[in-house]
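The values are calculated or read from the model by the stated rules, or taken from the named source; none is laboratory data. Just so we're clear, the structure is a prediction, and the values are computed from it rather than from any experiment. Reconstructed Cβ throughout: ideal geometry from the backbone, glycine too, with neighbour counts over all protein chains shown.
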Amino acid sequence: MDLILLRHGKAEDFNPQGDGARSLVEKGCEQARRAAKSLKRAKLLPEIVLTSPFVRARQTAEVFCETAGIPGAVIQSWLSCGMSPEEALGELSSFADFKRVAIVGHEPDFSRLIEWVLGAAGGGVEVKKGAIACLRVNPPSRHGLLVYLIPPKLTGVEDEFGD
């Protein structure tokens with residue numbers, strides 16, 4: 001399967017209800033729109049989108065799906081902050097019938113997943129807010145291939161918002 005990792009967009013710095021309640025700011029919504037447009041243009045849209053239950057991830061997934069014109073995301077508790085690579089690939093086994101699956105989640109979880117699948121270590125990967133990465137994996141197998149990692153700057157968001 002091609003596993004697309006979409007890190008949530010830029011969110012508010014603080015929410016009195018806690019980290020899980022932090023909402024996207026306009027820049028974060030635009031990052032999600034740009035990610036969807038980029039994958040749509042490249043004909044690389046996922047068949048299904050899975051998302052963390054955290055507000056900023058759910059909102060990223062909603063904007064992404066709406067912009068891409070695909071069905072809404074399915075909330076998965078295992079995508080919450082602190083996801084382990086082993087857990088992710090184990091859970092993704094349930095979605096093996098899909099050719100292309102997207103997950104919307106958090107750092108450093110995504111960087112750890114990429115490094116683990118590639119057999120790399122030491123913090124050499126960073127997935128910025130609004131970035132898109134794709135791993136070719138066969139869950140639950142650990143080994144895979146990095147197909148692409150697109151920073152948000154290449155989708156045009158930083159040009160408009162000056163980051």
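Here Arg100 passes the criteria (1) of a type outside the set (A, V, I, L, M); (2) closer than 24 Å to Gln31 by Cα; (3) at pLDDT below 95; (4) surrounded by 14 or more Cβ atoms within 10 Å (Cβ to Cβ) except the one numbered (3).
Residues are listed down the side, and each one gets a yes or a no for (1) touching a helix residue (DSSP H, G or I) at 6+ places or on another chain (Cβ under 7 Å); (2) surrounded by 22 or more Cβ atoms within 10 Å (Cβ to Cβ); (3) aliphatic (A, V, I, L, M); (4) more than 30 Å from His143 (Cα to Cα):
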position: Leu6; (1), (2), (3), (4): yes, yes, yes, no
position: Gly9; (1), (2), (3), (4): yes, yes, no, no
position: Glu12; (1), (2), (3), (4): no, no, no, yes
position: Gly18; (1), (2), (3), (4): no, no, no, yes
position: Glu26; (1), (2), (3), (4): no, no, no, yes
position: Ala36; (1), (2), (3), (4): yes, yes, yes, no
position: Lys40; (1), (2), (3), (4): yes, no, no, no
position: Phe64; (1), (2), (3), (4): yes, yes, no, no
position: Ala68; (1), (2), (3), (4): yes, no, yes, no
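Would you check which residues across segment 46-72 are under 18 Å from Gly28 (Cβ atoms) and within 10 Å of the chain's Cα centre (by Cα) and list them? Matches in segment 46-72: Val49, Thr51, Ser52, Ala57, Thr60, Ala61. Among the candidates Glu87, Glu66, Glu62, the residue that is modelled with pLDDT of 95 or more, under 17 Å from Leu3 (Cα atoms) and not polar (S, T, N, Q) is uniquely Glu87. Taking each residue of segment 1-30 that is under 30 Å from Ser93 (Cβ atoms) and among the acidic types (Asp, Glu) and looking for partners that are surrounded by fewer than 20 Cβ atoms within 10 Å (Cβ to Cβ) and at pLDDT 95 or above with beta-carbon atoms closer than 6 Å, six or more apart or interchain, yields Asp2/Arg100; Asp2/Arg136. Inspection of segment 50-57 finds no residue satisfying the criterion of being in contact (Cβ under 8 Å) with a residue 60 or more places away in the chain and either loosely packed, with under 15 Cβ neighbours inside 10 Å or touching a helix residue (DSSP H, G or I) at 6+ places or on another chain (Cβ under 8 Å) (or both).
Anything in segment 104-130 that is among the small types (Gly, Ala, Ser), crowded, with 22+ Cβ neighbours inside 10 Å and under 16 Å from Tyr148 (Cα atoms)? List them, or say none. Walk me through it before giving the result.
Within segment 104-130, the first condition is being among the small types (Gly, Ala, Ser), and the residues that meet it are 105, 111, 119-124, 130.
If we keep only those that are crowded, with 22+ Cβ neighbours inside 10 Å as well, we get 105, 130.
Hit for segment 104-130 is Gly130, nothing else.
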